[in-house]
Amino acid sequence: MATFRLQGSKVLAVDMTGDGVKAKNGSMVAYDGRMAFKKLSGGGEGIRGMVTRRITGEQMTVMEVKGEGTCWFADRAAEINLVGLRGDRLWVEASNLLCTDAGLRTGTSFTGMRGASQGNGLFTTTVEGHGQAAIMSDGPAVVLRVSRDHPLTVDPGAYVAHQGDLRQSFQSGVTFRTFLGEGGGEAFQILFEGDGLVYVQPSERNTIAGDV
């Protein structure tokens, strides 16, 4: 299995000994040793992934890297966070997924109203199995724990990923931007309940949540 390690907070180094990884196309910045690159299409596997991309109009381009040596990945100076999976599942926005072990399964999951409120599709990428994944955030990500007694409400623009036994629901009403006079119309928040972790970024992506 490939070994993931960070060099600083914005560069991912992956050491490979004949194994491979799947990474965001164009994110490789350097490599040593012998590497083979193969372009893959789509962020999900199987028929469901194809149908999902057709419905949402989203196209995620991924490359497979195999070989012996070290490969370095980065994307637009985004902060990188390592997530270890031990048979569990990670839900992550497609644009925030940088790299995964080749053995991890990727797919798509219907996320309901949040996608509509963000204007970036109704589906979230899922990653599951045993291995490591690298996710990106605009600024250093904060990992927040959700417990049975402590649910968490997140602004859609700050959401990056989550894992664990969590339930999502979508609430209309005031968003954090509304307090600053930047929101308008009906907006949405994401409520997480259960037991797990939520990754949020300090810089919100552009959304149309305030105008839905």
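When residues in the range 23-57 are screened for being modelled with pLDDT of 50 or more, surrounded by 13 or more Cβ atoms within 10 Å (Cβ to Cβ) and not in a strand (DSSP E or B), 4 of them pass. When the test is whether a residue is at pLDDT below 90, open to solvent by less than 20 Å² (accessible area, probe 1.4 Å), within 14 Å of the chain's Cα centre (by Cα) and farther than 22 Å from ASP19 by Cβ, THR111 passes it.
Rundown of residues vs (1) aromatic (Phe, Trp, Tyr); (2) modelled with pLDDT under 95; (3) within 17 Å of the chain's Cα centre (by Cα), yes/no style:
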{"position": "THR124", "(1), (2), (3)": "no, yes, yes"}
{"position": "GLU128", "(1), (2), (3)": "no, no, yes"}
{"position": "LEU144", "(1), (2), (3)": "no, no, yes"}
{"position": "SER147", "(1), (2), (3)": "no, no, no"}
{"position": "THR153", "(1), (2), (3)": "no, yes, no"}
{"position": "GLY157", "(1), (2), (3)": "no, yes, yes"}
{"position": "HIS162", "(1), (2), (3)": "no, no, yes"}
{"position": "SER172", "(1), (2), (3)": "no, yes, no"}
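Quick check: is even one residue across the range 191-198 open to solvent by less than 30 Å² (accessible area, probe 1.4 Å) and modelled with pLDDT under 90? No, that holds for no residue.
The values are calculated or read from the model by the stated rules, or taken from the named source; none is laboratory data. Since we're looking at a predicted model, the values are computed, not measured. Heads up, the Cβs are rebuilt from the backbone with ideal geometry, glycines too, and the neighbour counts pull from every protein chain shown. Note: accessible area is taken over every heavy atom of the protein model, side chains too, but ligands, DNA and RNA are not part of it. Shrake-Rupley method; radii C 1.70, N 1.55, O 1.52, S 1.80 Å.
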